[in-house]
Amino acid sequence: MNMSKKTVILGVTGGIAAYKSCEIVSRLIKQDINVQVVMTKSAQEFVRPLVFQSLSNQPVITDMFEKPSSWDIEHISLAQKADLFLIAPATANIIGKVANGIADDMLSTTIMATKAPVVFAPAMNTAMYLNKIVQKNIRTLKELGYYFINPSEGRLACGDVGIGKLADVDVIIEEVQQILNSRQMDYKGKNLIVTAGPTRESIDPVRYISNHSTGKMGYAIAEAAIKRGANVTLITGPTHLTPPPSCNVIHVTTTEEMYHKVLEYFDSCDIVIKAAAPSDYRPKTVRPTKIKKSDKAMTIEFVSNPDILKELGKKKKHQILVGFAAESDHELKYGKEKLEKKNLDMICINNILKDHVGFGHDTNQIEIVKKSGEQRMLPLMTKIELAHKILDEVLDLQKHP
């Protein structure tokens, strides 16, 4: 096997669409990509291993306990050599196994052991694909950073008409190439600041004001950037989330603390993505003791907090500055105003009143506006998927300022 080439491990599971995997192997080989095929026992009922062996010029792995071709621990060796892991077709069974941490054959075990991007191309009966359990498993895997190539609609092998057909081979090859090339360490050497979560402003030792931000969007951006090779400083307000590994995590509580930390790291960074939702105001006076309840009305005087984005917009030199605008009405108008007033390069605008959008959700939907005037509406997707889309747009900004 030529180790200077990219290597795709192709997992083939037991569905009628397994025959299409032969074309996938052939197309990848023609694009100068090494392909190693792993087949489940059920897959062998549809296509014989010899077919894949002939196409890939590699032995096909079919048995967890067969004698390996070398003295490597076979599933670990496969997992380590993969630049990308593609499961096509992916049945409900393999999706459910991986989503629930089950590793009981060569394919599922190797998927668990790999650190490479894993891409599922589902193919199954429409009712199975739309089953709530299958959809839950797909959402779980997406949230964990696994990729999915959605099936297409049409007449299925069972005679039903609906969604569930394996995506077109052209679509699968294009997605594989994009992940292998466009998103393979394309942020290596870049220094990012990502802010995430809410801030809290104390009223007394017991109470504070804050907002509904959970930090999920910012944490997803940090995770995606790390996977693409970036050096990430995550400046985060209070949240229950676990920071992604391999990033410099700085915990803050108040907006002023976030402001000072962002400025501290700003000069040495290339990109700032400010996904946090800091409080715009803080109480003018913090009571030193707990305010006791009474029947009288209570008035709290507030003062403005520092405007972190505005200050960065004034100070930026070579840096790319990306902001978010979470609005409840006239979001495009307010987002464009924020882009201009704060000297941003790009803004991600969403309407938090839409279903499954904004604070606390695992999904989000945004419209991207760049300082050039370019606008792009993105559909609803998981926050980790959206994080990669945002990073793609930032790279485009660097190429076409």
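At-a-glance table
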{"read-out": "Residue in region 177-212 that is surrounded by the most Cβ atoms within 10 Å (Cβ to Cβ), counting only those that are more than 30 Å from Phe302 (Cβ to Cβ) and aliphatic (A, V, I, L, M)", "value": "Leu192"}
{"read-out": "Test: Glu256 is without any contact (Cβ under 8 Å) to a residue 60 or more places away in the chain and either assigned to a helix (DSSP H, G or I) or not hydrophobic (A, V, I, L, M, F, W, C) (or both)", "value": "yes"}
{"read-out": "Hey, Tyr219 buried (at least 19 other Cβ atoms within 10 Å of the Cβ), assigned to a helix (DSSP H, G or I), of a type outside the set (A, V, I, L, M) and in contact with a strand residue (DSSP E or B) (Cβ under 7 Å, 6 or more places away or on another chain) or not", "value": "yes"}
{"read-out": "Condition met for Glu311 (surrounded by fewer than 19 Cβ atoms within 10 Å (Cβ to Cβ), assigned by TED's automatic domain parsing to the domain that holds Met258 and either at negative phi or not charged (D, E, K, R) (or both))", "value": "yes"}
{"read-out": "Among (1) surrounded by fewer than 18 Cβ atoms within 10 Å (Cβ to Cβ); (2) assigned to a loop (DSSP other than H, G, I, E, B); (3) not polar (S, T, N, Q), the one test that Glu174 misses", "value": "(2)"}
{"read-out": "Number of positions in region 255-265 that are touching a Lys or Arg at 6+ places or on another chain (Cβ under 9 Å) and buried (at least 19 other Cβ atoms within 10 Å of the Cβ)", "value": "2"}
{"read-out": "Conditions (1) among the small types (Gly, Ala, Ser); (2) modelled with pLDDT of 85 or more; (3) over 17 Å from the mean Cα position of the chain (by Cα); (4) farther than 17 Å from Tyr19 by Cβ: number failed by Ala167", "value": "(4)"}
{"read-out": "Scan of region 317-334 for residues that are out of contact with any helix residue (DSSP H, G or I) (no Cβ under 8 Å at 6 or more places or on another chain) and closer than 21 Å to Val262 by Cβ, ordered by number", "value": "Lys317, His318, Ala326"}
{"read-out": "Complete set of residues in region 367-397 that are modelled with pLDDT under 90, hydrophobic (A, V, I, L, M, F, W, C) and under 15 Å from the mean Cα position of the chain (by Cα)", "value": "Leu378, Leu380, Met381, Ile384"}
{"read-out": "Pick from region 87-123, criterion part of a loop (DSSP other than H, G, I, E, B) and among the polar types (S, T, N, Q), ranking: farthest from Asp160 (Cα to Cα)", "value": "Thr114"}
{"read-out": "Tabulated pairs, region 49-63, first assigned by TED's automatic domain parsing to the domain that holds Glu23 and over 11 Å from Gln36 (Cα atoms), second of a type outside the set (S, T, N, Q) and assigned to a loop (DSSP other than H, G, I, E, B), C-beta under 8 angstrom, 6+ apart or interchain", "value": "Pro49/Val60; Leu50/Val60; Thr62/Lys41"}
{"read-out": "Lone unmet requirement of (1) farther than 18 Å from Ile250 by Cβ; (2) in a strand (DSSP E or B) for Ile193", "value": "(1)"}
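Residue-wise test of (1) hydrophobic (A, V, I, L, M, F, W, C); (2) at pLDDT below 85; (3) part of a helix (DSSP H, G or I).
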site: Lys336; (1), (2), (3): no, no, yes
site: Asn350; (1), (2), (3): no, no, no
site: Lys354; (1), (2), (3): no, yes, no
site: Val357; (1), (2), (3): yes, yes, no
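The values are calculated or read from the model by the stated rules, or taken from the named source; none is laboratory data. Because the structure is predicted, anything quoted here is derived from the model rather than measured. Glycine gets a Cβ as well: all are built from the backbone with ideal geometry, and neighbour counts include every protein chain shown.
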